[in-house]
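Where a number appears in this text, it was derived from the coordinates with a stated rule and is not lab data. In this text the structure is predicted, and so the values were computed from the model without any measurement. Heads up, the Cβs are rebuilt from the backbone with ideal geometry, glycines too, and the neighbour counts pull from every protein chain shown.
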Amino acid sequence: MAAQEFPSILLHGPRGAGLWEALLEGAAGLLCERTPKASAPWQARACGECEGCHLRRSGTHPDLRVVVPPALATELGLAPEAAEQGADKRSASAGREISIDDVRSLIDWAQATSHRGGAKVAVVHPLDAMAAPAANALLKVLEEPPPGLCFLTGTQQLDRVLPTLRSRCSLRAWPRPGEAAALVELQRRGEPDAQAVARWCRHAVFDADPARGLEWARRLVRQVAAGQLPPADGVPPAVAIESLQKLTLDLLRARAGLAPLYLPELEAQLRRLGTRGSSGAWQAWWQRLAQAARTADFPLHAGLAVQAWVVEWNALCTSGAN
Ligand SMILES: [Zn+2]
């Protein structure tokens, strides 16, 4: 077994921190044929012009293998054939997993020598999206990686990665971007309300939809402040819960005389609404929301659940002090 040039790396960080983008950037640095060798993938910057960079950008680099679950491939706009396979052959839940077939095919690829004589890079993400047989197959190649092969993997749920896999990787925390980087990313996406969106998602701007729930939350506050019962609007439960948690935190901050974190532009309305309801009632509501957040992906009666939360939130905002 030859020594690896780079260890297998497992990036872990929260949703929206840009793990996927970071993995691709790391792969780009490793596959660039002009950048000087660095001691870690993220220290090398791809030149963007060499043959290695061209092949990578056109998606045909023979020494790069990307393995993601079919559902994620669709979301990321990768390999349509993987997405079709997912729809035809696999159940909806299996579409969220990396299959053992994908891992076996990765291992075959990994055993072959480098086409371009440089590094070979396998991007496997998320590392927690694997059932035990696939994980065990992957473990074999992580234990004895072919020379020159670098594994770049990521997860948002480090505690769900099998310990045996985790122990073969060098762990690296990937934090959410700072404010400046968050604004750059939002502007790159053409987001007109970049400042407000960055605040709303607490800089988790690499999420597919960092503004999710923002418009709904603004409408809720404005309508409740105007004495109207706000609509549930078909918002998915997970989004509704997350938005109500942010709103409630802002209301409690306003109640304590602190500036809102998420919707500072609505401070006056939030302050008025937050002073109604007893602190005990708000406390109990906060705890119920936290409980609901753990089950919000459960689709049963989704619309009714959201409607009930909105009604309850509205009642708290409009109740007299009790
Ligand atoms: Zn290059």
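Things worth noting here:
- Here's how it looks for VAL123: its modeled amide H is under 5 Å from those of ARG65, VAL66, VAL67, LEU152, which are all 5 or more places away or on a different chain.
- Folded to 0 to 90 degrees: helix 279-293 orientation relative to the chain principal axis, Cα: 30 degrees
- In degrees, nearest ten, helix 80-89 long axis to first principal axis of the chain (Cα): 80 degrees
- Footprinting exposure proxy for PHE151, PHE206 (fewest neighbouring C-beta atoms within 10 Å first): PHE206, PHE151
- If R0 equals 56 Å, the separation of the Cβ atoms of ARG45 and SER279 corresponds to a calculated FRET efficiency of about 0.60.
- Helix 302-318 vs. the chain, principal-axis angle (Cα, 0 to 90°, nearest 10): 40 degrees
- Three-way shape call for the chain based on the alpha-carbon gyration tensor, with the a/c threshold at 1.5: prolate
- Distant-in-sequence amide H partners of LEU171 (H built 1.01 Å from N, under 5 Å): LEU10
- Note: relative contact order over region 9-175, using C-alpha pairs below 8 Å and six or more positions apart, is 33 percent.
- Each Lys or Arg adds one and each Asp or Glu subtracts one; over the other residues with Cβ under 15 Å from the Cβ of LEU214, this totals -1.
- Once the Cα-Cα distance is subtracted from the 0.36 nm per residue extended length, the HIS115 to ASP101 segment shows a gain of 2.8 nm.
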